[in-house]
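The values are calculated or read from the model by the stated rules, or taken from the named source; none is laboratory data. For clarity, every value in this text was computed on a predicted model and none was experimentally measured. Ideal geometry is used to build each Cβ from the backbone, glycine not excepted, and the neighbour counts take in all protein chains shown. For accessibility, only protein heavy atoms count, side chains too; no ligands or nucleic acids. Shrake-Rupley method; radii C 1.70, N 1.55, O 1.52, S 1.80 Å.
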Amino acid sequence: MTLKKSQINEIIDAFQIMFPDAFCELKHSNPFELVIAVLLSAQCTDVMVNKVTATLFQKYKTPEDYLAVEIETLMEDIKQIGLFRNKAKHIQQLCHQLLQNYDGVVPSTREELVTLAGVGRKTANVVISTAFGVPAFAVDTHVERVAKRLGLAKIDDDVMRVETKVMKLFPESMWTALHHQMIFFGRYHCKAQKPGCDVCPLLHLCKEGKQRMGIPLRKRKNVQP
Ligand code: SF4
């Protein structure tokens, strides 16, 4: 399904009205803490990550701090987080790489960031946009679900394809804000299990919402995202 320009604008307006102040909910005070927080957030809620980092970031402030302890100690410090053993290993590898290759400073480009242990494209996109103000569209589980439900991407598109499509559909200057707004929209409104279709301002252009609400679908001429 191809959405018309006016429908894309409706989506932008709805996100802006519903979540004008959407932001990165992972608490951090510098790019290094953000990288650690995003790394920890894989398959874990932001609430749990914030709970753990509240004490973690008091104890560890630099890459050297994370490398000064045994891996078992770091595992113990993050054991409330899913996949904590692997994440602890990645954190120490990442800190080692930062010191060896980047003078202990988190790099500001996606290309450099993805060379770090535990940092994939999504994490890199979050870091460059949130910490360095570089336009980027990080596609997490919420963005992917919302994009597919609204017909911004096809149901079988992979994450990279979704990212490419939303970047093409939305103005670059809005990518960072829209990324946060789509996460809020998915997290608090268009939830995975019980989306708020009955009160959704985008129901009239959402095929999934109409199906869920038992509203007959009208055929549209423009097709193929
Ligand atoms: Fe999500 Fe329902 Fe709104 Fe569609 S109508 S965007 S499925 S909440």
* May I ask you to verify whether CYS190 is within 8 Å of the ligand (Cβ to nearest atom), touching a residue at least 24 places away in the same chain (Cβ under 8 Å) and out of contact with any strand residue (DSSP E or B) (no Cβ under 8 Å at 6 or more places or on another chain)? => yes
* To do: Count, please, the residues in segment 76-121 that happen to be under 14 Å from SER41 (Cα atoms) and touching a Phe, Trp or Tyr at 6+ places or on another chain (Cβ under 8 Å).
  => 2
* Structure fact -> Across (1) open to solvent by 20 Å² or more (accessible area, probe 1.4 Å); (2) over 14 Å from ILE12 (Cα atoms), THR176 clears everything bar (2)
* Mind telling me which of the residues LEU56, LEU67, LEU83, LEU99 ends up being open to solvent by less than 30 Å² (accessible area, probe 1.4 Å) and either without any contact (Cβ under 8 Å) to a residue 40 or more places away in the chain or within 24 Å of ALA138 (Cα to Cα) (or both)? => LEU56
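Within segment 181-189, is there a residue that is assigned to a helix (DSSP H, G or I), among the polar types (S, T, N, Q) and surrounded by 20 or more Cβ atoms within 10 Å (Cβ to Cβ)?
yes
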* Looking only at helices (runs of 4 or more DSSP H) that fall completely inside segment 116-170, which ones have 1 or more residues that are crowded, with 22+ Cβ neighbours inside 10 Å, assigned by TED's automatic domain parsing to the domain that holds GLN100 and under 13 Å from the mean Cα position of the chain (by Cα)? -> 121-132
* **Exclusive hit being within 15 Å of the ligand (Cβ to nearest atom) and without any contact (Cβ under 8 Å) to a residue 40 or more places away in the chain, set LEU152, LEU205, LEU178, LEU217** => LEU217
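This table checks each residue for (1) open to solvent by 30 Å² or more (accessible area, probe 1.4 Å); (2) among the basic types (Lys, Arg); (3) touching a residue at least 24 places away in the same chain (Cβ under 8 Å).
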| position | (1), (2), (3) |
| --- | --- |
| LYS4 | yes, yes, yes |
| ILE11 | no, no, yes |
| PHE32 | no, no, yes |
| ALA37 | no, no, no |
| HIS90 | yes, no, yes |
* Within segment 40-49, is there a residue that is open to solvent by 60 Å² or more (accessible area, probe 1.4 Å), without any contact (Cβ under 8 Å) to a residue 40 or more places away in the chain and more than 30 Å from GLY196 (Cα to Cα)? -> no
